[in-house]
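The values are calculated or read from the model by the stated rules, or taken from the named source; none is laboratory data. Just so we're clear, the structure is a prediction, and the values are computed from it rather than from any experiment. Positions of Cβ are generated from backbone atoms using ideal geometry, with glycine treated the same way; all protein chains shown enter the neighbour counts. Areas reflect the complete protein model, heavy atoms only, side chains present, ligands, DNA and RNA absent. Shrake-Rupley method; radii C 1.70, N 1.55, O 1.52, S 1.80 Å.
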Amino acid sequence: MVRTVVTAEDHLERRVFTPYDKLFAPGKAGEVVIGTAESISDSEVTLDDGRKLRYDWLVLASGTKWEGPLDIPFTESEAGAWLDAWRSKISEARDIVIGGGGAIGIGMYSSPTFVECN
């Protein structure tokens with residue numbers, strides 16, 4: 001995902017978005033519901049839009065919230081314009097400081113775009 005933000009090379013954004021309608025095997029029961037939980041009881045989740053989802057088993061997948069160039073919008077259409085804007089900022093920058101040497105920092109620094117920057 002990091003390289004997708006830094007460069008349009010290979011158009012990785014075309015492959016990183018997983019369509020939710022393909023998550024379940026054909027003929028298997030399942031539904032993907034996207035929302036924000038307001039409350040959770042022993043058998044029901046109430047979403048911020050008022051929907052109530054009953055369950056027998058709850059898998060809580062809270063995800064990660066990034067800031068800055070990795071805070072990619074949820075929809076593919078919004079993400080395209082957002083990626084273009086960040087790629088432009090990065091390619092026009094004369095000096096870039098990367099704080100930290102973890103996987104994200106190393107991933108951004110190792111991109112060919114950064115090699116040409118100070």
- Taking Cα pairs closer than 8 Å and at least 6 residues apart, the relative contact order of the chain in percent is 29 percent
- Determine the equivalent ellipsoid of the chain by diagonalising the alpha-carbon gyration tensor, then write out the semi-axes as square roots of 5 times the eigenvalues, largest first, rounded to whole Å. 36, 17, 13
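For the chain, which whole-number percentage of the solvent-accessible area (1.4 Å probe, protein heavy atoms only) is attributable to carbon and sulfur atoms? Spell out each step's value before the answer.
Working: 4790 of 9080 Å².
Answer for the chain: carbon and sulfur cover 53 percent of the accessible area.
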- Item | Computed FRET value (nearest 0.05) for VAL33 with ILE106, which takes r as the C-beta separation and R₀ as 41 Å | 0.70
- Compute the length gained on full extension between GLU76 and LYS52: take 0.36 nm times their separation in residues and subtract their Cα-Cα distance, giving the result in nm to one decimal. 6.0 nm
- May I ask you to give the solvent-accessible area per residue for the chain, in square angstrom, as obtained with a 1.4 angstrom probe? 77 Å²
- Inter-label distance for ILE40 and ILE98, nm, one decimal - labels placed 7 Å from Cα along Cα-to-Cβ: 3.4 nm
- Based on alpha-carbon positions alone, could you give the equivalent ellipsoid semi-axes of the range 6-62 from the gyration tensor, as √(5λ), descending, whole Å? 30, 16, 9
